[in-house]
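Everything below concerns the one structure shown next.
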């Protein structure tokens, strides 16, 4: 390991200039963004957009670090090696937890996930399809063949999607505001009694708890983050 | 959502330590740390500080928000106001506990600060309980919770989620009739 041990990420690490695309992140920014993506995914009831760029960049970074750790001439009990190893483990944990959370959401609501395929990575698409097919076959074999043949429904994909449960947008989440937003309307759709819808101004650094459906859009535009 | 994960997040915060060994700069993912020189204080992430302390290679420097005076001030403000006061750091309580576990001898008046922190925690918890009660009674489906620390949010998260969900369902049912 050379003394000036830096982690070139995609281009050069010390270039903090923001160019047209997001590829020139410093590894520090990558870490921050991955951590925030992990927290958002953990606390949101629905599947969020897959952060393909972050995941791939983190994989590259982790591979790089692992190679350096393995090929290091320093003893494995040296302070430097231990610190790098600890940080590697911490980052690896976040990445794995992120992917694990997404997989468990896919397993809970596979049809909803397949409905919005743009939110999935290619591997997750394959996973969701396989999972759904396996479940269908398993249920068909174990239950449907035992019922009378009139009750066996066509496994029409559309009816299937309508029958299966969808994730609940009414779940409550805590979030913190990154950028002020004025005039957020909390609409009560089933409000027949004529009570006015609430309009709130969000200031930076405020924290709230409310139903996810109200802030879904703000989360996608990164004006808030879940806490 | 567990306390463990809040602790994990809190370990990314920076803290000042005074090392007693020499070591050149280390370039971590989140920036470089060092160079380590004996008796020169520097900022390191908490996980590294814990590791150093447990291998007896450093001494902690008390962070400003953990001195006796500032904790007393915080406690006074908290007890005077009905609403929550802003905390200097989103991880105050968990960091205090970690620091006290690892480096009690490095913090002047450590025991007194521990007691004051416990009082602070108790008074905030009492406010939390009463405000949750008010929230449930008012039937509102959202609330502003600025100035709550991460640990407190973690504590009430599950309870508030299920209870607000039930309230929302009941409200929908009433409107439909």
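For the residues of A:80-86, the average number of beta carbons from a partner chain within 10 Å of their own beta carbon is 4.
Principal-axis analysis of the Cα atoms of chain B puts helix B:68-80 at an angle of about 10° to the longest axis.
Would you please give the FRET efficiency between residue B:21 and residue A:69, computed as 1/(1 + (r/R0)^6) with r the Cβ-Cβ distance and R0 = 22 Å, to the nearest 0.05?
0.50
Across the range A:13-108 the C-alpha pair distances fall into 5 Å bins from zero in the proportions 2, 12, 21, 19, 17, 14, 9, 4, 2, 0 percent. Here the calculated FRET efficiency for residue B:12 and residue A:145, from their Cβ-Cβ distance with R0 = 51 Å, stands at 0.40, rounded to the nearest 0.05. Each of residue A:169 and residue B:79 was given a label point 7 Å from its Cα along the Cα-to-Cβ line. The distance between the two points is 4.9 nm. Note on chain B: with a GNM built from Cα contacts shorter than 10 Å, the maximum mean-square fluctuation among B:40, B:61, B:71 falls on B:40. For B:21, A:79, A:202, the sequence from fewest to most other C-beta atoms within 10 Å is B:21, A:79, A:202. Largest first and in whole Å, the equivalent-ellipsoid semi-axes of the range A:79-141 read 34, 12, 8, each the square root of five times a Cα gyration tensor eigenvalue.
Using Cα atoms only, what is the angle between the long axis of helix B:110-138 and the major principal axis of chain B, expressed in degrees (0 to 90) to the nearest 10? Its long axis makes an angle of about 20 degrees. Tell me, what is the FRET efficiency for residue B:70 and residue B:111 to the nearest 0.05, using R0 = 22 angstrom and their Cβ-Cβ distance as r? Efficiency at R0 = 22 Å is approximately 0.85. Relative to the 2.2 N^0.38 Å rule of thumb, chain B has a C-alpha radius of gyration ratio of 1.30. Peptide B:39-47 has a mean shielding of 1, counted as Cβ atoms of other protein chains within 10 Å of each residue's Cβ.
Rounded to the nearest 10 degrees, the angle from helix B:150-176 to the longest Cα principal axis of chain B is 20 degrees.
Counting neighbouring beta carbons within 10 Å and listing from fewest to most, the residues B:100, A:25, B:87 come out as B:100, B:87, A:25.
Here B:52, B:135 are placed in order of increasing Cβ neighbour count within 10 Å, fewest first, which gives B:135, B:52. Here the simple spin-label model places points 7 Å from the Cα toward Cβ, and for residue B:97 and residue A:53 these points are separated by 3.8 nm.
Stokes-Einstein diffusion for the protein assembly as shown, with the hydrodynamic radius set to the Kirkwood value over Cα pairs and evaluated at 4 °C in a medium of 1.567 mPa s, equals 52 µm²/s.
We did not get these values from a lab; they are worked out from the coordinates using the rules stated. What you see is a predicted model, and the numbers here were worked out from it, not measured in a lab. Methodologically, a virtual Cβ is constructed for each residue, glycine included, from the backbone with ideal geometry; neighbour enumeration extends over all protein chains shown.
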